[in-house]
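Below is one structure, written out as structure tokens; comments come after it.
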Amino acid sequence: MRLTERQAKYVQYLLDRCAKDDYYPAKLDGRTLTFTDHEGYADFLQLVRDEASYDASCGMRTAGFMLAAKLEREY
């Protein structure tokens, strides 16, 4: 999946958080996102939704909700 620059930065932030647990549900190569498998897709989508909800509750406008919608449309 091709991402915008803003979405790629958001994804990289989320993947960096996953690195703490040594679990990588997806791989980001430049602005191309690839999932490890269907479970990785589901885990990453949930991670994006959770982070976007948290951001919104803090009043922050991030790429999270648009990214979640894009993931749902394309997969």
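Taking neighbour Cβ counts within 10 Å as the exposure measure, how do 44, 65 sort from fewest upward?
In order of increasing Cβ crowding within 10 Å: 65, 44.
222 nm [θ] for the chain, helices only, -39500 (n - 2.57) per DSSP H run of 4+, per residue, to 500?
Computed ellipticity for the chain at 222 nm equals -20000 deg cm²/dmol.
Can you classify the chain as rounded, prolate or oblate using the Cα gyration tensor, where a ≥ b ≥ c are the square roots of its eigenvalues, rounded means a/c under 1.5, and otherwise it's prolate if a/b beats b/c and oblate if not? Could you put the intermediate results ahead of the total?
Values: a/c = 1.43, a/b = 1.26, b/c = 1.14.
In terms of gyration-tensor shape, rounded.
Does anyone have the angle between helix 38-57 and the longest principal axis of the chain? Alpha-carbon axes, 0 to 90°, nearest 10?
Helix 38-57 and the main axis of the chain meet at about 20 degrees.
Determine, for 21, 50, the number of other Cβ atoms within 10 Å of each Cβ, and report the residues in order from fewest to most.
By the 10 Å Cβ count, ascending: 21, 50.
Would you work out the charge dipole size for the chain about its Cα centre, treating the Cβ of every Lys and Arg as +1 and the Cβ of every Asp and Glu as -1, and quote it to the nearest 20 debye?
About 400 debye.
No lab work stands behind these numbers, since they all come straight from the coordinates. Predicted, not measured: the structure shown is a model, and the values here were computed from it. FYI the Cβ positions are ideal-geometry reconstructions off the backbone, even for glycines, and counts take in every protein chain you see.
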